[in-house]
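The numbers here are math on the coordinates, done by the rules we state, and not lab data. Please read all numbers here as calculations on a predicted model, not as lab measurements. Positions of Cβ are generated from backbone atoms using ideal geometry, with glycine treated the same way; all protein chains shown enter the neighbour counts.
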Amino acid sequence: MIKNIFSFIVISLLTINFSYSQLSKAKRFAKTISAEDLSEHLYIYASDEFEGRDTGKEGQKKAVEYLRNYYKSIGVEAGDLDGDYFQPMTLKMRGRRGNPGSTVDSENVIAIIKGSEKPEEYVILSAHLDHVGIDKDGEIYNGADDDGSGTVALLEIAQAFKKAVDKGKGPKRSIVFLHVTGEEKGLLGSKYYTDNPVYPLENTVVNLNVDMIGRIDPTREAENDDYIYLIGSNHDSNDLHNLSEETNKETVNMTLDYRFNDKEDSNRFYYRSDHYNFAKNGIPIIFYFTGTHEDYHKITDTPDKIEYDLLERRSKLIFYTAWNIANRDRRIIVDPKPEKVVVSVDDLKHFTGVYSNPQFPTEMKIIELNGNLAMVPNGRSNDEAMELSALGDNKFKITMAGIDIEFIDKKMKFNMGGREMMFNLVPPPPIGDEATEPMKVELGVNDKDPKAPLPPENK
């Protein structure tokens, strides 16, 4: 027993010393992340010149050029397949307020620092490069916090890792800097990446997603300002959560606030940024966030309102966390997942059709899509359908929207946020012979008789 206890103590001390040694190396490079540099980047990136960075528009094209040129300038190589830093895509944008949808050409920006020992394992840091553009009155939405703050944090973190490489202290695993487009349009750029990964998802160790980390949540008036909200760190890996906590204690030691961590939180932040497309593919994630504020999605989200000293500390925490994940001996351990409920396609087809409720403004269409049920407003493209996850006993859930669905005798019970509605299955229109009204034949009289005389023309 004494021998076992001694062994445990020795192993624990070695683990602590290894972590401390790794972070002591990291601290000299973290010093390159500064409030001054973050501010310099953001005053450019969130300026009127970039026209609100609307997906596919001229301002967004300027933004991706800025990112590419910066990575070139510090010697961080391209991470895309063509070696030009861009992952191009054509995105289908859904129409709003009755307007038809459209397609736009856009691109993710990808840079990489290759690992020295395990280059085929990838730590992906992400932030969305887009914002909402210009309104009909010509007002520019600069998006300094959303998500200029996360974007410039990645640039500074990349510089710190490159300084480490230049000193022969580069990461053991590869670090991917992924700036995704189309987040404001429905997480489109990150979905495109996870559907068309440049690096295998099975070799992706973690996604650290950074979205809006430059301000102070006004609801925290009675609390300290030295904080950051963490979402998802323990959803798929307690190992990741523990590493995150220990890294914070040994470095910046700020308040890690988990108030929005619950997947069922009413704000549903877990489903509202790009980490979600990694999480739904089984990849452990941490979403770094500091809350919304009165300037969220307004023309007043400008660089002068960013708390640059706090942005520096938050960026350093993310750098230290990525450093520890990239340099430890074993990759992050993913927790076992509950067994997925599987429903056969034949059984799913029993629930497909159009459902209506006279108090609801549109009919809802249930379709079978890729072996699952999906729901879309009737008349909209199936490309916009939201997938239903099977729970068993004719029950399903639209996870992103927090909608529970149950099918009961040609009815669909719809529950969202405690509000319950019942939809009835709309009978399909008749086809073939059933669509034709039975003919009554009274020769010379019935107008459906081809031999009957034509009616007189109206004068």
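The figures follow:
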| item | result |
| --- | --- |
| Helical contribution to [θ] at 222 nm, DSSP H n ≥ 4, -39,500 (n - 2.57), averaged over the chain, rounded to 500 | -8500 deg cm²/dmol |
| Contact order normalised by residue count of the chain, Cα under 8 Å, 6+ apart, percent | 14 |
| Principal-axis tilt of helix 2-30 within the chain, Cα atoms, nearest 10 degrees | 90 |
| Computed label-point distance, nm, for sites residue 384 and residue 426 using a 7 Å Cα→Cβ extension | 1.5 |
| Whichever lysines have a C-alpha closer than 25 Å to that of residue 365, once near sequence neighbours (fewer than 8 apart) are set aside | 92, 185, 191, 280, 340, 349, 395, 397, 410, 411, 413 |
| Cα-based helix-to-principal-axis angle, 58-74 vs the chain, degrees rounded to 10 | 30 |
| Residues listed by number, segment 207-221, amide nitrogen under 14 Å from residue 259 label point at 7 Å toward C-beta | 216-221 |
| Amide H within-cut-off set for residue 212, under 5 Å, with H built and near neighbours excluded | 149, 150 |
| 20 °C / 1.002 mPa s Stokes-Einstein diffusion coefficient of segment 345-432, Kirkwood radius on C-alpha pairs, µm²/s | 162 |
| Within segment 130-171: backbone nitrogen closer than 18 Å to the residue 114 label point (7 Å, Cα to C-beta) | 161-171 |
| Qualifying lysines (Cα of each under 26 Å from Cα of residue 162; at least 8 residues distant if same chain) | 25, 27, 31, 61, 62, 72, 114, 118, 172, 249, 316 |
| Karplus (6.51, -1.76, 1.60) ³J(HN,Hα), θ = phi - 60°, over segment 270-285, in Hz, Gly and Pro reported as x | 4, 9, 10, 9, 5, 4, 4, 5, 7, 4, 6, 9, x, 9, x, 9 |
| Cβ-based exposure ranking for 179, 241, 293, in which fewest neighbours within 10 Å come first | 293, 241, 179 |
| Sparse-neighbourhood loop sites, GluC sites (Glu not before Pro) in segment 34-140 - DSSP loop, at most 13 other Cβ within 10 angstrom | 117, 139 |
| Per-pair calculated FRET efficiency, R0 = 60 Å: residue 344 and residue 77 via Cβ, rounded to 0.05 | 0.80 |
| Under Karplus coefficients 6.51, -1.76 and 1.60, residue-wise ³J(HN,Hα) of segment 36-46 in Hz, glycine/proline x | 5, 5, 4, 5, 4, 4, 6, 5, 7, 5, 9 |
| Taking 396, 29, 360 and counting other C-beta atoms within 10 Å, the order from fewest to most | 360, 29, 396 |
| Amide H within-cut-off set for residue 79, under 5 Å, with H built and near neighbours excluded | 85, 110, 111, 112 |
| Taking 180, 64 and counting other C-beta atoms within 10 Å, the order from fewest to most | 64, 180 |
| On Cα atoms only, tilt of 238-250 relative to the major axis of the chain in degrees | 40 |
